[in-house]
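To keep things clear, I will list the structure first and then write my remarks on it.
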Amino acid sequence: MATEHVHVARTLMDHLPVLVVLVPFLAAPLTVLLGSQRLAWPIAFVSSLVSFLISIKLLMQVIDGGVISYHIGGWAPPLGIEYRIDAANAFVLLLVSAIGTIVMPYTVQSIKSEISERHHTLFYTMYLLCFTGLLGVVATGDAFNVFVFLEISSLSTYVLVAMGAKADKRALTAAYDYLIMGTIGATFFVIGIGFLYAGTGTLNMADIAAHISTNGADRTIETAFAFIVVGMGLKVAIYPLHLWLPNAYTYAPSAVTSFLAATATKVAIYVLLRFMFSVFQPDFLFEINALRWIMIPLALVAMFAASLIAVFQSDLKRMLAYSSIAQIGYILLGIGLLSATGLSGAIVHLFNHGITKAALFMGVGALVLRSGSSFYARIEGMGKVMPWTSFAIVIAGLSLIGVPGTAGFISKWVLVQAALEQGWWPIALAVVASSLLAIIYVWRVIEVLYMAQPADPTRREAPLSMLIPLWIMALSTIWFGLDTDMTMSAARAAADGLLNGFSIGGTSVGH
Amino acid sequence: MRHHLILRVVTKLLIGPIILFALYVQFHGDFSPGGGFQAGVIMAVAFILYGIVFGLEAVQHVFPSWLVHKLMALGVLIFAGTGVASLFLGYDFLDYGAFSPHHPSHGQHWGILAVEFGVLVTVTGVMVAIYYAFAMRRPAISDEEW
């Protein structure tokens, strides 16, 4: 392999696909090494901001359908590990890094009250590792590398959830449940990868796709598909595999919940999409059956059952966790429709629901900071003492329902369109009907916040460091509800890219 | 363990060769089976053995907890730093050819040695940290923990 060849020096711009993952990855051990509580936050914030700026640049490079391929260690794929950026993953990179950056200023006050002092430095380390893992899962084009980054993000997530133990010891059992379920999911996923490797002899996703499209699928590859779908299904929290989610979201520190709710499940959905549409061909009969007869019914059950459970909760944070399961149902429905419109609806809902839920959980965190708990009984009348926080929650709540003019409306509208395109009007009706359930659970929150006397009128509004990120998210739910150019065009480009599958050595921007 | 003279003497005799063997496995890693992970485990064995025979306090006097934590992070930085170095030399991330542009295979030797050293440092740290975590565990959960 030691052939001499003329080397063209790479510039910084060529390294963007790896830098987006590398910058937070370097920052994580740095915070431990410096061991300084004061330096940890600036390091974490600056590195997530750098990742965010790189993601914007990457999305601009690939939004016209280009693909950037980066070869780690200079080894060309399919032998080497490839980072492969196209419209679909650039869009998810942008979502993850944007949320990661906006949550950062919010964490300062929030973790002060919710995490014990001696864990503060390690909190930022874990946060950066989780952030790295999520970005890595999205950026890589190598199936095994997906697993490695998935484990980095999952293991740090378990620790982050367990850090809620200062406020409530049940965070420990929640983290343990999540650890068991998450590990089973990861094991299924890696078994699937193993079968794929056995069936095709390669780990590069584009190469696997090429192999399957020329040689067709045999029983090994079908088994791989089943294992990967179930494994990722656990991470996504597809309806019957969702049991880890409510406790993990409820007992994790608020800053962690708002970051995870907007990113972790979304990244898992991205992996599912990538495998279903790019690695396995969508016209592969086995997969069509799986989507139509398993995914759509489960999505419908999730939309109704989880919403119904959310209606009867008495804890705001737990209610939002159940509503997340329902919203994942919408995304899966879009995927199950198996059309370009359905897929772009799913991708745009992935983004819109991400920002909506981040805003809502940030609002809950601000309420928890002042009232000590997110139980409805404890936050009664907070609309009068914390008007800014409460109003932001109302705006994000409207987006959760899907009121016109908010981001949630756009994605549900596209989903309804996609269902009608195929003439499946009962499904379109189901989307509307389950939104009615969302009205009930959001209305209960408004009732609690505004129509009761405040228990303690001396409570103050949340600090600015929490209000500003909260309002950025709340206003962006309106912004992306009115100006849909960016989200819809990115989602369409992503859907087209996914449906067309891979072509090895396709058009390459970069180098 | 105060009365176990043989154990104490043999342990003291063994610790040197164990560390030497760890370094042998480390530096021979790119020619034969071995490398940073195995070497790190063997290196950690030296400290763990010392801890088992002479007690936790003695070993933590030599290798304090804070140092273990720093080493875990340092190793990761050495690994990633090697990649960053190649990146600044105008090559792809972790392309060891960067360290010897005219003889990429020589560069690969250097690169692998640097990366494996990072692995050694982190694995030693992690193994010792796991041992400390178990050894320092209090026998029962005290009341205020609930």
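A single entry from A:Ala396, A:Ala455 fulfils the requirement of being more than 30 Å from A:Gln281 (Cβ to Cβ) and in a loop (DSSP other than H, G, I, E, B): A:Ala455. Being in a helix (DSSP H, G or I) and touching a residue at least 12 places away in the same chain (Cβ under 8 Å) is a property that does not hold for B:Val84. Screening A:Ala27, A:Ala87, A:Ala76 for residues that are within 14 Å of another protein chain (Cβ to nearest Cβ), among the aliphatic types (A, V, I, L, M) and crowded, with 21+ Cβ neighbours inside 10 Å leaves exactly one candidate, A:Ala27. Only one of A:Asp64, A:Asp14 is among the acidic types (Asp, Glu) and more than 14 Å from chain B (Cβ to nearest Cβ); which? Answer to the check: A:Asp64. Of the set (1) assigned to a helix (DSSP H, G or I); (2) at pLDDT below 90, all apply to A:Gln281 but (1).
In summary, A:Ser339 fulfils each of the numbered conditions (1) out of contact with any Lys or Arg (no Cβ under 6 Å at 6 or more places or on another chain); (2) crowded, with 21+ Cβ neighbours inside 10 Å with the single exception of condition (2).
Pairs are defined by a Cβ separation below 6 Å, a sequence spacing of at least 6 or placement on different chains, a first member in the range B:8-30 that is at pLDDT 90 or above, and a second member that is outside any helix (DSSP H, G or I); the pairs so defined are B:Val25/B:Gly34. Could you please find all residues in the range A:384-406 being surrounded by 22 or more Cβ atoms within 10 Å (Cβ to Cβ), over 19 Å from A:Tyr322 (Cα atoms) and either modelled with pLDDT under 90 or small (Gly, Ala, Ser) (or both)? Matches in the range A:384-406: A:Ser390, A:Ala392.
Yes or no, residue by residue, for (1) in a helix (DSSP H, G or I); (2) modelled with pLDDT of 90 or more; (3) small (Gly, Ala, Ser):
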residue: A:Ala27; (1), (2), (3): yes, yes, yes
residue: A:Val32; (1), (2), (3): yes, yes, no
residue: A:Val50; (1), (2), (3): yes, yes, no
residue: A:Gly73; (1), (2), (3): yes, no, yes
residue: A:Gly100; (1), (2), (3): yes, yes, yes
residue: A:Val103; (1), (2), (3): yes, yes, no
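Among the residues of the range B:88-112, those identified as more than 9 Å from chain A (Cβ to nearest Cβ) and either among the aromatic types (Phe, Trp, Tyr) or surrounded by fewer than 19 Cβ atoms within 10 Å (Cβ to Cβ) (or both) are B:Phe88, B:Phe99, B:Ser100, B:His109, B:Trp110, B:Ile112. Condition first: under 13 Å from B:Thr124 (Cβ atoms), touching a residue at least 60 places away in the same chain (Cβ under 8 Å) and part of a helix (DSSP H, G or I). Can you find one or more residues in the range B:62-69 that meet it? Yes: one or more hits.
In the range B:56-87, the residue that is farthest from the other protein chains (Cβ to nearest Cβ) out of those that are farther than 26 Å from A:Gly74 by Cα and of a type in the set (Phe, Trp, Tyr) is B:Phe63.
Residues of the range A:457-488 that are surrounded by fewer than 16 Cβ atoms within 10 Å (Cβ to Cβ) and in contact with a Gly (Cβ under 9 Å, 6 or more places away or on another chain): A:Pro457, A:Leu482.
The values are calculated or read from the model by the stated rules, or taken from the named source; none is laboratory data. All values reported here derive from a predicted model rather than from experimental measurement. Cβ atoms come from the backbone with ideal geometry, glycine included; neighbour counts cover every protein chain shown.
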